[in-house]
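Everything below concerns the one structure shown next.
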């Protein structure tokens, strides 16, 4: 019950029973030991598939084919690092691992930097046609990736980007920007106007205001955006499959090809998949402290 | 440091709203000018035009000998203290204060020295490495001040810098701002809606209403010789009582009669000081009586024809004095000025007293024994009565008196 009429909440106050929202009651109970134990249990259940993948990546292909990963609990001796050795020895996989970085890092950086600059302009610089242009950006949010495939295959072919890493990066950047601009613009617009005006009075140009006030204050939003964009590009298969070639395929495509060439090539797939999962996790934990809110507390009032 | 001159300055927003009209102000080098008025009177807009945060639609603003109409805020060399303080939350106190200097590429050790000087002056020396969120309201206010001071600008602009503080702290910071401004001698424009701040801080006070300057004068002159009903009602707390009366009598023995039959004498010295008053003979005129110009007749007996008899509706003992509310059977003053004053306290129009008639407040000495419901005789210091034209609201002085809307220098 979060929706109450004015009269109801008024009488509730009069009766001395302050109403709290569902969310605040849940938060209040988080201190309760039982709930914490329950949460720990749920987290553990969520972790099981991850653990399963990790263990599978440490077993030989024949073991994996014959028995489930949980058998290591009784026979730990079957664990081996040979899969990772095979993985690194596999040229296609090793190259694709590098390719994944070459695709993901620029796609993320480009989107974050361009979107942050554009979002600052949309939020705080008064230029003619600003609102119409922003509406255009919002409209681009609903354009599906699939409608871009055919025209861009032709375009990339004409200008020699087809099958190259820059081509894939450009596609990801273009499709990542509308949402990124939209997200950051709304966040930047929430920064108190007084702060920007104070910086302006202090002698800031648009560029210094962006770099020294907006960018640090936008930290949480920029970090979230970077993580989402990184995950999206890292896990992408469709675009890489269509626009890439043998030399530019990322890990996702390489893993997929393991299944096609050798049937159930579980040792490579499991270790490759785990590796492919590990990097986003590292990125997430590296940035997660910027999620911590309260960065704005104390600036005004 | 420099003088700041506003010449015929106006502000019209793109949607046609007019915020400021033909504003003329000359703020001398080192002067403390307070812009005061109810919310929406254009005082903040005027300040923001000086700051460069708002385009100037009409007229010209000069800082020193430079016309700054087209100069961006960062190049105007003025510092502003915001109502919200606008401290950078991601920077420490030290970085907040030094931010303007570092943007101007001042050498690091010089920034350090200047910031520490200012922090010392403001009592922030122990807090330099804290973040704004770990400071109290008063400390944040000081950091905001420090950020302005450290730049040694041509002028300080302050936009209601004390309104987020609680009452006690506000009085303390008010004194501190006055002291700092006097020490540094920096030209200051200070915007507030609080007339106490205006009166205590300003070398001169400019009262604005609906984007139009009403009067600029030193605080005491504003109080003693308000140019019109609006200034009279806005300056002074509790506000001046205003009644419509009829000027009657002959020669020097004039009096004002109110609707219910009560009357007050008009002193001959008043007629000397306000020669134009005679032309209102047998016509309605607005009489203004400040609460502090009335006293309980039992404590300070005076002439019979300088008294108002009525019943106390409400008695508020303030310790140092007693505010007695009552009503006098007289017509309410309803002009543009009084409507605007009523709006400032949340009413649409001037409200009559509960029993009808004009509501009055008198400030009696604490020795008065008046209780709610008691009959009250208020002895009026008739020599201090104010007179205004009921149509224009302008103060009645000499007909040769220059227009009250012009700036008095």
Q | Between 0 and 90°, nearest 10: helix B:167-184 axis offset from chain B longest Cα axis | A | 60
Q) If you stretched the chain out fully between residue B:182 and residue B:125, how much longer would it get, using 0.36 nm times the residue separation minus the C-alpha to C-alpha distance? A) 18.4 nm
Q: Compute the separation of the alpha-carbon centres of the stretch B:320-395 and the stretch A:199-225 and state it in Å as a whole number.
A: 53
Q | With Cα atoms, 0 to 90° folded angle of helix B:93-103 axis to chain B main axis | A | 70
Q.
Run the simple label-point estimate for residue A:259 and residue B:271 please: 7 Å along Cα→C-beta, distance reported in nm.
A. 10.9
Q.
Under the 0.36 nm per residue contour assumption, what length would be gained going from the current alpha-carbon distance of residue B:75 and residue B:113 to full extension?
A. 11.3 nm
Q) Which whole number gives the average count of other chain Cβ atoms within 10 Å of the Cβ atoms across peptide B:387-397? A) 0
**Q.** the stretch A:32-71 and the stretch B:226-266: distance between their alpha carbon centers, rounded to Å
**A.** 90
Q) So, in nm, how far is label residue B:336 from label residue B:281 when the simple model puts each one 7 Å beyond its Cα toward the Cβ? A) 3.1
Q: Place a label point 7 angstrom from the Cα of residue B:377 along the Cα-to-Cβ direction, then list the residues of the stretch B:297-338 whose backbone nitrogen is under 12 Å away.
A: B:297-310
Q. For residue B:323 and residue B:39, what is the calculated FRET efficiency with R₀ set at 22 Å and r taken between the beta-carbons, to the nearest 0.05?
A. 0.30
Q | Inter-label distance, nm, simple model (7 Å from Cα along the C-beta direction), residue A:285/residue A:21 | A | 3.2
Q | Nearest 10 degrees, 0 to 90: helix B:137-149 Cα axis against chain B principal axis | A | 70
Q) On average, how many beta carbons from a partner chain sit within 10 Å of the beta carbon of a residue in A:185-195? A) 2
Q | At R0 = 51 Å, FRET efficiency that the Cβ-Cβ distance of residue A:193 and residue A:237 yields, to 0.05 | A | 0.70
Q | Centroid-to-centroid separation of the stretch A:173-191 and the stretch B:41-76 [C-alpha atoms, Å] | A | 33
Q.
Between residue A:74 and residue A:48, what's the calculated FRET efficiency when r is the beta-carbon distance and R0 is 25 Å? Round to 0.05.
A. 0.90
Q. At 222 nm, what helix-only mean residue ellipticity would the protein assembly as shown give, in deg cm²/dmol to the nearest 500, using -39500 (n - 2.57) for each DSSP H run of four or more?
A. -13500 deg cm²/dmol
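Just so you know, all these numbers are worked out from the coordinates, no wet-lab data involved. Everything numeric in this text was worked out from a predicted model, so none of it was measured. Cβ coordinates were reconstructed from backbone atoms using ideal geometry, including for glycine residues, and neighbour counts include every protein chain displayed.
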